[in-house]
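Student: Structure provided below as structure tokens; questions to follow.
Read-outs throughout are calculated quantities, based only on the coordinates presented, and are distinct from any laboratory measurement. None of the values given here were measured: they were computed from a predicted structure. Note that we place each Cβ from the backbone using ideal geometry, even for glycine, and neighbour counts take in every protein chain shown.
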Amino acid sequence: MFASAAVRRSEWVILAFLVCAAATAGVLPISAALRARTCLLNLAILIGYGLLIRADSIRPRVATSVVRDWLPLALALLAYREVGWFAVPHPGHALELRWVTWDHAFLRGGAKAAIEVFGPVLPSVLEMAYTLVYFLPPFCLVMLYVSGHRKNADRFLFVFATAVLLCYVQFPLWPSEPPRIVFPGEDAPAYQTIFRQFNWWMLASYGIHTSVFPSTHVAGAFSAAFGMRRAMSARIWLRRLLFAMATLIALATVYGRYHYLADAIVGLVMAVLALALSCLLDRKPG
């Protein structure tokens, strides 16, 4: 069903994740119902995706091509929900106890005081940045469209999808909970802004409990910046904006106690790996 010349790089990443997730469901100690749901859903998506790619290959249309631009973002959201099904009880907190020592050194070593030196201003900015991470990928695609660089959408999507899905496939390997849950009140921000309340509501309503390592917020933010650098290298102002946003998001994840410092660092590493793979594939002959 798949013709390699017709499948985009970002689509190969999505398809590989669907297969990997189905295989993971087969070995994890989850219920038979969840295992069947994962395998059947991913099989249906694989078939549907194959038909979409085949149709676009036989008879290219703008509408079909646009759907292929946006579908990876939708499937990335589905992937997030799907790995949430893989959450299993983990009574011990050995990983979290190890990671939090680095947070103590970072936050109590001056980072928390520096963020709060001007009152709620910077904490509010960080919480707003944390919220905006959900809008970065569609914003980037829209920018590619309006600037006439839509042909480079797959270049952006490959970096973004690779970084984010590299995080998701690791979640079952590092079962963990965020510091705000394992260590309630410890190193908590001094200011409970309305933006923080919104983020807590979002996480309570849509968060998962599989793992927090690596941070997909950080991986997604930096991979969006790296991907747009690959897709729109001439737009310096946009690159600076995206890297500034990614830096604020990374800081917000640790300061807000949504993630450990270790999560943020490895999330950045995943984005760098995705960028490196993109560059390597572009240099590969043929």
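Student: Would you order 146, 272 from fewest to most other beta-carbon atoms within 10 Å of each residue's own beta-carbon?
Tutor: Numbers: 146 9, 272 15.
Fewest-to-most ranking of 146, 272: 146, 272.
Student: Also, I was wondering about something else. About the Cα centre of segment 1-86, how large is the charge dipole given +1 on each Lys and Arg Cβ and -1 on each Asp and Glu Cβ? Please answer in debye to the nearest 20.
Tutor: Values: 9 positive and 4 negative charges, 26 e Å.
Dipole about the Cα centre, nearest 20: 120 debye.
Student: Then there's this: Counting alpha carbon pairs within less than 8 Å and at least 6 residues apart, what relative contact order, in whole percent, applies to the chain? Provide the component values of the computation, followed by the final result.
Tutor: Numbers: 351 pairs, mean separation 71.1, N = 286.
Reported relative contact order: 25 percent.
Student: When ranked by the protection proxy of mean other Cβ atoms within 10 Å per residue, highest first, what sequence do the peptides 234-243, 273-282, 134-143 form?
Tutor: Details: 234-243: 14.0, 273-282: 15.8, 134-143: 17.3.
With the highest mean Cβ count within 10 Å placed first, the list reads 134-143, 273-282, 234-243.
Student: Would you be so kind as to identify which of 115, 93, 131 lies farthest towards the positive end of the dipole of segment 1-157, taking Lys and Arg as +1 and Asp and Glu as -1 on Cβ and the Cα centre as origin?
Tutor: Among 115, 93, 131, the one farthest towards the positive end of the dipole of segment 1-157 is 131.
Student: Counting Lys and Arg as +1 and Asp and Glu as -1, each charge on the Cβ, what is the dipole of segment 91-283 about the Cα centre in debye, to the nearest 20?
Tutor: Working: 15 positive and 10 negative charges, 160 e Å.
Computed charge dipole of segment 91-283: roughly 760 debye.
Student: Can you tell me which of 177-184, 245-252, 113-120 comes out highest on packing, and rank the rest after it, using the mean Cβ neighbours within 10 Å? Numbers along the way, then the final one.
Tutor: Working: 177-184: 17.8, 245-252: 23.1, 113-120: 13.1.
Taking the mean over residues of other Cβ atoms within 10 Å, the ranking is 245-252, 177-184, 113-120.
Student: If one puts a single equal scatterer on every Cα of segment 66-206 and applies the Debye formula without solvent, what log₁₀ I(q)/I(0) results at q = 0.10, 0.16 Å⁻¹?
Tutor: For segment 66-206 at q = 0.10, 0.16 Å⁻¹, log10 I(q)/I(0) is -0.49, -1.10.
Student: Now a separate question. To check my understanding: the extent here is largest minus smallest coordinate of the Cα atoms along each principal axis. What are those three numbers for the chain, in Å, largest first?
Tutor: Computed over the chain, the largest-to-smallest principal extents equal 59, 50, 35 Å.
Student: Also, quick follow-up: Which order do the peptides 152-162, 190-200 take when ranked by the mean count of other beta-carbon atoms within 10 Å per residue, highest first?
Tutor: 152-162, 190-200
Student: Mind checking the angle between helix 9-27 and the chain's longest principal axis? C-alpha axes, 0 to 90 degrees, to the nearest 10.
Tutor: Around 70 degrees separate the two axes.
Student: How long is segment 11-65 along each principal axis, judged by its Cα atoms, biggest number first, in Å?
Tutor: Between the extreme Cα coordinates on each principal axis of segment 11-65 lie 44, 18, 14 Å.
Student: I would also like to ask the following. Quick one: 102, 85, fewest Cβ neighbours within 10 Å first, how do they rank?
Tutor: Details: 102 14, 85 19.
Listed from fewest to most nearby Cβ atoms, that is 102, 85.
Student: Using the Cα centre of segment 1-155 as the reference point, and only Cβ charges (+1 on K/R, -1 on D/E), how large is the resulting charge dipole? Debye, rounded to the nearest 20. Intermediate values should be presented prior to the final figure.
Tutor: Working: 15 positive and 9 negative charges, 112 e Å.
My answer is approximately 540 debye.
Student: Still on this structure, I have one more. Expressed in nm to one decimal, what extension gain is obtained for the pair residue 77 and residue 121 from 0.36 nm per residue of sequence separation less their Cα-Cα distance? Write out the running numbers ahead of the final one.
Tutor: Working: separation 44, 0.36 × 44 = 15.84 nm, distance 3.08 nm.
Length difference between fully extended and current span is 12.8 nm.
Student: Set Lys and Arg Cβ to +1 and Asp and Glu Cβ to -1, take the dipole of the chain about its Cα centre, and tell me which of 40, 205, 152 lies farthest positive.
Tutor: Looking along the dipole axis, the top candidate is 152.
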